[in-house]
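Novice: The structure under discussion is supplied below as structure tokens; questions concerning it will follow.
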Amino acid sequence: MMRREDVLMEALPYIQQFHGKTVVIKLGGHAMVDPVVLENAIRDVVLLRYVGIRVVLVHGGGPEISEKMKAMGKESVFVGGLRVTDQETLEIAQMVLVGKINRGIVSLIAKCGARGVGLSGSDGNLIIAKKMDPQKIVVGGVEKEVDLGHVGEIEWIDPELLNTLLDKDYIPVVAPIAIDRHGGGLNINADTAAGDIAIALKAYKIINMTDVDGVMDADRKHVFRKLTLDEAKAMQKSGAIGEGMIPKVGSVIRGVENGVAYAHIINGNIEHNLILELFTHDGVGTMLSLR
């Protein structure tokens, strides 16, 4: 077992390397419904801020949206990992993401000693999107198109507001609701939003905190600790990435392709995994880089 001082010394070069860098963290999975898991994650995020890392949080809320929909007698339907969103579902998503989860995270940041600012994509025209084209799926051997409804495909990220807040030592917290060019609301995938925000900010890292230990092999037994961009794309092409992981892996691949130096997928349910992934040599999840 490592001594505490050894742990701190192992962390030192990483703290020096990341100081002043921008890191986009996507919070999702069980953390969105378990207050203990969420508070532990936020404590780690605040620690990052205090060692000089510029942190932007993008959060999901899929499990809680599904729970709210069920309580209202609506069934959740997913296509390719994306939620089919009619008008009522959009209103539920906005209520849960912006009205509850976003405000709750900002309050936790304050409780842990830092300053958070809650945002959605409509604030400062942060995220402009267009309605996503119908998606092709195969049902019973027959290909068909499915209209996802009020689901957006990101056209533009304006990082000005985020950079202003980061320069003032705030932690921006972004809910994945965008607007279209007519001012209408669109539900967007939080993994995709985090990736595109990281690109727009020229972030050093993007970290996806989810419910799995990282990118796994086809048998779901082995976690790949490190993947190159080419290796990750080959897994994506071969179908080795499970449906729920499709947008997560896709967003980190897109980030690394477009200038983000490193991407990570980690299990956010385990206390201090964020710190262990960033500040230890071996890490705890999957790290993706260009080479």
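Read-outs: derived from the displayed coordinates by stated rules, not from any lab. Bear in mind that the values here come from a model prediction, so they are computed numbers and not experimental data. Backbone-built Cβ (ideal geometry, glycine too); neighbour counts: all protein chains shown.
Novice: Of the residues ILE265, ILE241, ILE253, which is surrounded by 16 or more Cβ atoms within 10 Å (Cβ to Cβ), in contact with a Lys or Arg (Cβ under 7 Å, 6 or more places away or on another chain), more than 17 Å from ILE25 (Cβ to Cβ) and touching a residue at least 24 places away in the same chain (Cβ under 8 Å)?
Specialist: Answer to the selection: ILE253.
Novice: If you don't mind, there's one more thing I want to ask. What's the total number of residues in region 40-83 that are touching an Asp or Glu at 6+ places or on another chain (Cβ under 6 Å) and not in a helix (DSSP H, G or I)?
Specialist: Summing the residues that are touching an Asp or Glu at 6+ places or on another chain (Cβ under 6 Å) and not in a helix (DSSP H, G or I) in region 40-83 gives 1.
Novice: Which number in (1) over 21 Å from PRO63 (Cβ atoms); (2) in contact with a helix residue (DSSP H, G or I) (Cβ under 8 Å, 6 or more places away or on another chain) marks the one condition that LYS136 misses?
Specialist: Of (1) over 21 Å from PRO63 (Cβ atoms); (2) in contact with a helix residue (DSSP H, G or I) (Cβ under 8 Å, 6 or more places away or on another chain), only one is false for LYS136: (2).
Novice: Can you say whether ARG291 is in a helix (DSSP H, G or I), closer than 28 Å to ILE157 by Cα and among the charged types (D, E, K, R), as far as the supplied structure shows?
Specialist: no
Novice: Do any strands (runs of 3 or more DSSP E) entirely within region 136-186 hold 3 or more residues that are over 16 Å from GLY116 (Cα atoms) and out of contact with any Pro (no Cβ under 8 Å at 6 or more places or on another chain), and if so, which?
Specialist: Result: 142-146, 152-157, 177-179.
Novice: Counting only residues that are in contact (Cβ under 8 Å) with a residue 40 or more places away in the chain and among the polar types (S, T, N, Q), which one in region 66-97 is farthest from GLN135 (Cα to Cα)?
Specialist: Looking at the filtered set, the residue picked out is GLN94.
Novice: Let me ask something else. Please go through (1) assigned to a strand (DSSP E or B); (2) more than 21 Å from the chain's Cα centre (by Cα); (3) of a type in the set (Lys, Arg) for LYS130 and return the number of the only condition it doesn't satisfy.
Specialist: Only one criterion is unmet by LYS130, namely (2).
Novice: Tell me, which residue of region 112-146 that is farther than 22 Å from GLY195 by Cα and touching a residue at least 60 places away in the same chain (Cβ under 8 Å) is surrounded by the fewest Cβ atoms within 10 Å (Cβ to Cβ)?
Specialist: Ranking the qualifying residues of region 112-146, first place goes to GLY113.
Novice: A further question follows. Determine if region 220-227 includes at least one residue that is buried (at least 19 other Cβ atoms within 10 Å of the Cβ) and touching a helix residue (DSSP H, G or I) at 6+ places or on another chain (Cβ under 6 Å).
Specialist: There is no residue in region 220-227 that is buried (at least 19 other Cβ atoms within 10 Å of the Cβ) and touching a helix residue (DSSP H, G or I) at 6+ places or on another chain (Cβ under 6 Å).
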